[in-house]
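Note sheet for the following structure.
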Amino acid sequence: MKISIERATLLKAVGQAQSVVERRNTIPILANVLIEADGDTVSFRATDLDIEVVDKVNAMIERPGATTVSAVTLHEIVRKLPDGALVVLTDGAATGRLTVEAGRSNFSLATLPREDFPVMASSEYSSNFSAPAPVLRRLFDKSKFAISTEETRYYLNGVYMHVATGEGGQVLRCVATDGHRLARIDAPLPQGAETMPGVIVPRKTVGELRKLLDDDDTQIAVSVSETKVRFATPEITLTSKVIDGSFPDYTRVIPQGNTRKLEVDAAEFARAVDRVATVSSERSRAVKLALDEDRMVLSVNAPDAGAAEEELAVAYGDEKLEIGFNAKYLLEIASQVDRENAVFLFNSSGDPTLMREGNDESAVYVVMPMRV
Amino acid sequence: MPALCRDCLTEFESGARCPACRSPRVLSHPELFDLSIAHMDCDAFYASVEKRQNPELADKPVIIGGGRRGVVSTACYIARIKGVRSAMPMFQALKLCPEAVVIKPRGALYAQVSKQIRAMMDELTPVVEPLSLDEAFLDMTGTARLHGAPPAVMLARLVKRMQDELGLTGSIGLSHNKFLAKVASDLDKPRGFSVIGQAETEAFLAPKPVRLIWGVGAAGQAALEKAGIRTFGDLRRWDRTDLHARFGSMGDRLWHLARGQDRRRISAHAPIKSISHETTFFEDTANPDLLDGHIWRLSEKIADRAKARALAGRVIVLKLKRANHRLLTRRLSLREPTQLADRIYRTARELLDGVGDEGPYRLIGVGLADLSPADGADSSGDLLDPQARTRAAAERATDAIRARFGKDAIAKGRALR
């Protein structure tokens, strides 16, 4: 194999590959990227056995072929090469090395045979549809903060993507929760997605997927089966196993009868929460909200460290209420609001609170209060 | 060479016998009066206390431990002659020494005696770090002027006082760091006093097996042996980076210990790192209901201790010992620290369900680790488990009832399993 490729193109492809490979693994070949050159495209393939990413790029191919080489090392080399450099990759079949040449730099890297590289078995997808990148970006960006990191409830370690009935008919819905907060985000159901089985997309896959969604004009081809999910742009294909488990019935978690309504400027609210939370460095610091006629007092009281208080003008017309929340959780849901005011719906100081943006029901958040 | 008589505490310049009282119990070492890090270890503490309480036992082999199914917690020196060792299963100990008098441990009594010893140690230095009821580290640095005598003399006086006033003997290790002090105290037990000086450290360690290192058990020893490391001498030949590459952070520790270096400080207020309890069954069992009852009772004990000390932990540990003595441990990190028996129990139950082993087991243990102050623990509820709050409130109410009407005033049915 011998190929010439522009540094920026190579960096992007290898960058994607190296973020998929596991830093610590016991199977040496899993640290490698599989480079295959044929026709006028080179594909870079990497896997951790749960996720596989294939990036196809154009290059000048002098001699087709394939080899595997450490993804991290290759990425480091390419990253350190000067911008605009032309990189030549040559696979010396006799030496078992891959040489990387650019200008006066010359590297020789150990390779492993391509036959040993595990390729994810292709599967039958029961549902195929296409969605604009900005739609998927919103679905996952607004829900991923609530993904759990707890090992016990492994089925919460991802975003539950499924078809549901929303306000105006069927929607494509993403839900994530860690038991303390929950995010439920809806988007219009793309054509062809009606029969999609609900799947839990693992956290790492959500992170990798995000890299495919930067460009507003891209259409993403989505394929879903009971066990796998695939997202593809014309260049990059990301295939991932889904979490084998059933997502809990989240609908009963979303409070229906919360009537005490608070409306507040989300950005102003977030800044105030951030300020008062400064006095306590604890992992789980509680911010107390004291609500009265069009007035909210935020306070933090940390016996060892100090106390803070701030008053905010809000729209609130119900009876007095005192309720405490984890400061981090409040900040995270407040920062999801970007267009209108944040609307909070409370019940009592012990019950889950609901938050949404204005009257928009397509993004709903639930957060559990803390005892204060 | 400076020398000290361990009987009359006379200091003199070397000699096989004390010039004052002619005692042969002479301690001499070039650095004797320069070292100040000590480890005191009582000799067969529980057994010695029992013998003191009941003089009839004085010349009989005594074993402290629980039941036929339990293990030996302490054996007196007479029983040790027969081969009985601590941690040995009781049936084996009784096979070796059938005439032994077996006594169930009386924790409260030992704790009371331990307090008396502690008071004596506190008179020597404010920096006493107890490791258990019967052993402690003492940092005597800078106390010579105060006492008008170097640490070695004061330590010899301490063990003499323990013997005169409490009727108990102890062994002292004196060196320049914790690791070596602990190694030294074990060198000529009972009634020992050993010194390891700076100058001889490396030569002393070189032929010693690596299992001297605290934390290197059977598994660690096997791993080291695989790398060709049996003795400290072997360890010395290893490069620091290689050790680190092979054994991780433990490698760094090994590298230092190989050179007799140990920079851990003696701390009088060592924080509690974990709380755990375990039970050895009368009969091996795989019965899930029985195990469930044990997990609940152990969880309650742990929660009681955590609550008493205002601590909460984030890691739950389940320990099972199979009938063939193979140990299984499983651990799980919670999102937030807890001190509630309910959460400890539920998490341990999940660990048991996922253990992937049929049993039978001879022992079960539950632990709470990664402890932090309880302030703010268990204050947020769980969206997916709406009952959790109610159960937590019920547990707090149970605690209040017990505080007022006694421990047995109220209990869960599960506790009777």
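Taken together, the values in this text are just the output of simple stated rules run on the coordinates, not laboratory data. Remember, it's a predicted structure, so these values are computed and weren't measured experimentally. Glycine gets a Cβ as well: all are built from the backbone with ideal geometry, and neighbour counts include every protein chain shown.
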Problem - Along principal axes, Cα extents of the range B:1-62, largest first, whole Å - result: 42, 28, 15
Exercise for the section: Using +1 at the Cβ of each Lys and Arg and -1 at the Cβ of each Asp and Glu in the range B:102-238, identify which of B:Ser175, B:Val113, B:Met154 lies farthest towards the dipole's positive end. Expected result: B:Val113
Completion exercise
With +1 on the Cβ of every Lys and Arg and -1 on the Cβ of every Asp and Glu, the dipole magnitude of the range B:31-199 about its Cα centre, in debye rounded to the nearest 20, is 680
Fill in the blank from the handout: Rounded to the nearest 500, the 222 nm mean residue ellipticity computed for chain B from DSSP H runs (n ≥ 4, each -39500 (n - 2.57)) alone is -10500 deg cm²/dmol
Completion exercise
For the pair B:Ser132 and A:Arg23, the simple spin-label estimate (label points 7 Å beyond Cα toward Cβ) gives in nm 3.9
Exercise for the section: Report the charge-dipole magnitude of the range B:166-296 in Debye, nearest 20, computed about the Cα centre from +1 at each Lys and Arg Cβ and -1 at each Asp and Glu Cβ. Expected result: 820
Handout entry: Value of [θ]222 nm, deg cm²/dmol, for chain A, DSSP H segments ≥ 4, -39500 (n - 2.57) each, nearest 500
Key = -5000 deg cm²/dmol
Practice task
Express in nm, to one decimal, how much length is gained between B:Leu146 and B:Asn287 on full extension, taking 0.36 nm for each residue of separation and deducting their alpha carbon distance.
Solution key: 44.6 nm
Completion exercise
Cysteines of the protein assembly as shown without any disulfide-compatible partner (other Cys Cβ under 4.7 Å) are A:Cys174, B:Cys42, B:Cys76, B:Cys97
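Please work out the FRET efficiency for the pair A:Lys320 and B:Arg236, using the Cβ-Cβ distance as r and a Förster radius of 60 Å; give the result to the nearest 0.05.
Details: r = 72 Å, r/R0 = 1.20.
With R0 = 60 Å, the Cβ-Cβ based efficiency is 0.25.
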Problem - Convex hull volume per residue for the range B:63-138, taking Cα atoms only, in Å³ - result: 96
Problem - For chain A: Kirkwood Rh in Å [reciprocal of mean 1/r, alpha carbons] - result: 23.2
Fill in the blank from the handout: Measuring from the longest principal axis of the C-alpha atoms of chain B, the long axis of helix B:151-161 (C-alpha) lies at a number of degrees, nearest 10, equal to 70
Fill in the blank from the handout: Taking the convex hull of the alpha-carbon atoms of the range B:202-258 and averaging its shadow over every direction gives an area in square nanometres of 3.3
Practice task
Compute from the Cα atoms of the range B:22-112 the Rg and the Dmax, the latter being the longest Cα-Cα distance, and quote both in angstrom.
Solution key: 16.4, 49
Practice task
Return the ratio Rg/(2.2 N^0.38 Å) for the range A:127-252, where Rg is computed over Cα atoms only.
Solution key: 0.97
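Taking the Kirkwood radius as the inverse of the mean 1/r across Cα pairs, report the Rg/Rh of chain B. Numbers along the way, then the final one.
Values: Rg = 24.5 Å, Rh = 24.4 Å.
That ratio equals 1.00.
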Practice task
Would you mind computing, in nm to one decimal, how far apart the modelled labels at B:Arg259 and B:Arg191 are, each placed 7 Å from Cα along Cα→Cβ?
Solution key: 4.0
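Multiplying the sequence separation of A:Ala290 and A:Ser126 by 0.36 nm and subtracting their Cα-Cα distance, what value in nm do you get?
Here the answer is 54.0 nm.
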Problem - Residue (of A:Leu212, A:Tyr155, A:His180) at the positive-pole extreme of the range A:127-252, dipole from beta-carbon charges - result: A:His180
Problem - B:Trp296, B:Trp255 arranged by Cβ crowding within 10 Å, fewest neighbours leading - result: B:Trp255, B:Trp296
Handout entry: Kirkwood estimate for the range B:274-416, i.e. one over the average of 1/r between Cα atoms, Å
Key = 15.6
Completion exercise
Listed by chain and number, the lysines with an alpha carbon less than 21 angstrom from that of B:Lys189, same-chain partners under 8 positions apart left out, are B:Lys51, B:Lys60, B:Lys82, B:Lys160, B:Lys178, B:Lys208
Completion exercise
Looking only at lysines whose Cα falls under 19 Å of B:Lys319's and that sit 8 or more positions away or on another chain, we get B:Lys273, B:Lys301
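Could you give the dipole magnitude of chain B about its Cα centre, charging the beta-carbon of Lys and Arg +1 and that of Asp and Glu -1, in debye to the nearest 20? Can you show the working numbers first?
Numbers: 65 positive and 50 negative charges, 123 e Å.
Roughly 600 debye, rounded to the nearest 20.
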Exercise for the section: Measure of size requested: the Rg and Dmax of the range B:31-199, with Cα atoms as the atom set and Å as the unit; please supply both. Expected result: 16.8, 53
Practice task
May I ask you to sort A:Met370, A:Met1 by Cβ crowding, counting other Cβ atoms within 10 Å and putting the fewest first?
Solution key: A:Met1, A:Met370
Practice task
Quick one: angle between helix B:288-308 and the longest Cα principal axis of chain B, in degrees between 0 and 90, rounded to 10, please.
Solution key: 60
Practice task
Compare the peptides B:352-362, A:187-197 by average per-residue count of other Cβ atoms within 10 angstrom and give them in order, highest first.
Solution key: A:187-197, B:352-362
Problem - Among B:Gly170, B:Gly260, B:Gly83: highest mean-square fluctuation, GNM of chain B, C-alpha pairs under 10 Å - result: B:Gly83
Practice task
Evaluate the Kirkwood expression for the hydrodynamic radius of the protein assembly as shown, namely the inverse of the mean inverse distance over all pairs of different C-alpha atoms, and round to one decimal in Å.
Solution key: 32.2
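May I ask for the net charge around A:Asp318, where only other residues with Cβ less than 15 Å from the Cβ of A:Asp318 are counted and Lys, Arg are +1 while Asp, Glu are -1?
-3
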Completion exercise
For the table A:Lys56/A:Lys328; B:Lys115/B:Lys182; B:Lys95/B:Lys321; A:Lys320/B:Lys307, the rows whose alpha-carbon distance is greater than 31 Å are A:Lys56/A:Lys328; A:Lys320/B:Lys307
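Work out, in µm²/s and without decimals, the Stokes-Einstein translational diffusion coefficient of the range A:174-313 at 20 °C, 1.002 mPa s, Rh from Kirkwood over C-alpha pairs.
For these conditions, the coefficient is 111 µm²/s.
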